[in-house]
Amino acid sequence: MTKFQLTILGCNSATFAYNRHHTAQLLNIHDRQYLIDCGEGTQIQLQKYKVKIKRLNHIFISHLHGDHYLGLIGLLFSMHLSHRTEPMYIYAPNGLDEILTTHLRHANTQLNFPIHFRATNPEKSEILLDEDEVLVRSFPLDHRIPCCGFVFEENHTQRRLQIDLLPPAVQPYHLVALKNGEDVEIGGRIFRSEAVTLPPKPNKKYAYCSDTRYNEAILPYIAGANLLYHEATFGSSDEERAAQTFHSTAQQAAIIALKANVNQLVIGHYSSRYEDVTPLLAEAQSVFADTIAAEEGKVIEIQNCEAMSN
Ligand SMILES: [Zn+2]
Ligand SMILES: [Zn+2]
């Protein structure tokens, strides 16, 4: 089975508290690493959880509140000092490029590796990356400053060959055609793609909703995800405060999960007013049973529905 695995590196909002770091997650899809948000201390967390940063080439930053990106400069400098030369792709709101450039100018430093910066669009969904059967899209969230969520989705389009149903005379170009759903003729006999191949592998989908107010406009983007991360900064008793600060409650996160028909929900971005997040988890589970609470070091295997029911 191909890997599709999420590691929680940080799950607190605003301040470091109760040993909970700021937001950062590492997604591993088919052994490719994607860093999602990079709060302060992320490089320490990456080291702690034995992530090889050499293989990290794409960093996605949801928005420019410090608890989501203040670890970035430290991480990039560590990469520089360890003689990285491979390009780094950073997807973030406009302004982060300016912050990085200003910092590097005042540090009188030129990194050993190029940074390719792609500004995210806080107004509409866009494809950010399409590589090796992985598609990453951004979509607008409802926060106090421009903020995007991200959807990471496998993009298997090729049918799977059943090689034992084909004759020995089969050629590589036949296989390509069959995988693309085309019928072929081998030795005067027609082989229908549908008869000798299986449908493409089911695509797994992870949706990441960092800081946002409750907003059903995000539902079309996250619908049917195998795993949804949705912030749950507050409990229901602080619903008003959540709305004022453009955040969500645990119950609201669960309502979004329910309406988006996802398989599993993980909540996080806890306010420092909660040392124990069990009540937030219970609140979410009362609406959406398959909810888990983000905890640092927790590794979540993202599975498709067939595998989950096994
Ligand atoms: Zn935040
Ligand atoms: Zn924020």
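No lab work stands behind these numbers, since they all come straight from the coordinates. Every value quoted in this text rests on a predicted model; they were computed, and no experiment measured them. For neighbour counting, all protein chains shown are included, and Cβ atoms are generated from backbone atoms with ideal geometry for every residue, glycine included.
Data for the structure
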{"read-out": "Contour excess over end-to-end distance, with Cα ends at residue 176 and residue 157 and 0.36 nm allotted per residue", "value": "5.6 nm"}
{"read-out": "Estimated vicinal HN-Hα couplings, Hz - region 237-244 in sequence order (Karplus 6.51, -1.76, 1.60; Gly, Pro = x)", "value": "5, 10, 4, 5, 5, 4, 5, 4"}
{"read-out": "Separation in nanometres of the label points that stand 7 Å from Cα toward Cβ, at residue 241 and residue 54", "value": "4.6"}
{"read-out": "Amide hydrogen neighbours beyond the local backbone of residue 302, cut-off 5 Å, H modeled", "value": "4, 5, 6"}
{"read-out": "For region 138-200, alpha-carbon Rg over 2.2 N^0.38 Å", "value": "1.87"}
{"read-out": "Cα Rg over Rh - region 1-70, Kirkwood", "value": "0.97"}
{"read-out": "Highest to lowest packing among 246-255, 92-101, 284-293, scored as the average C-beta count within 10 Å", "value": "246-255, 284-293, 92-101"}
{"read-out": "Taking 163, 302, 115 and counting other C-beta atoms within 10 Å, the order from fewest to most", "value": "163, 115, 302"}
{"read-out": "D (Stokes-Einstein, µm²/s), Kirkwood Cα radius, region 205-290, 0.890 mPa s at 25 °C", "value": "198"}
{"read-out": "Sparse-neighbour loop sites [GluC sites (Glu not before Pro); region 226-310; at most 12 other C-beta within 10 Å; DSSP]", "value": "275, 295"}
{"read-out": "Förster radius 30 Å - calculated FRET efficiency between residue 44 and residue 299, Cβ distance, rounded to 0.05", "value": "0.95"}
{"read-out": "Helix-only mean residue ellipticity at 222 nm for the chain, each DSSP H run of n ≥ 4 adding -39500 (n - 2.57), per residue, nearest 500", "value": "-6000 deg cm²/dmol"}
{"read-out": "Binned Cα-Cα distances of region 172-229, short to long, each 5 Å bin given as a whole percent", "value": "4, 15, 18, 11, 6, 8, 10, 9, 8, 6, 3, 1, 0"}
{"read-out": "Length-normalised contact order for the chain - Cα pairs under 8 Å, 6+ apart - percent", "value": "16"}
{"read-out": "Taking the convex hull of Cα positions in region 153-310, its mean projected area over all directions (nm²)", "value": "12.1"}
{"read-out": "Burial ranking of peptide ranges 26-33, 260-267 (average Cβ count within 10 Å, highest at the top)", "value": "260-267, 26-33"}
{"read-out": "Solvent-free Debye scattering, log10 I(q)/I(0), computed from the Cα coordinates of the chain at q = 0.09, 0.16 Å⁻¹", "value": "-0.50, -1.25"}
{"read-out": "Listed residues 59, 36, 127, most fluctuating in the chain (Gaussian network, C-alpha, under 10 Å)", "value": "127"}
{"read-out": "Residue with peak Gaussian network fluctuation, the chain [Cα springs, cutoff 10 Å], from 63, 269, 106", "value": "106"}
{"read-out": "Per-residue HN-Hα couplings for region 170-183 [Karplus 6.51, -1.76, 1.60; θ = phi - 60°; Hz; x = Gly/Pro]", "value": "4, 10, x, 5, 5, 5, 4, 4, 4, 5, 8, x, 9, 7"}
{"read-out": "Förster radius 45 Å - calculated FRET efficiency between residue 14 and residue 108, Cβ distance, rounded to 0.05", "value": "0.90"}
{"read-out": "Sites residue 169 and residue 194, calculated FRET efficiency, Cβ-Cβ separation with R0 35 Å, nearest 0.05", "value": "0.95"}
{"read-out": "Taking region 251-310 and dividing mean pair separation by its residue count, relative contact order in percent (alpha carbons under 8 Å, at least six apart)", "value": "41"}
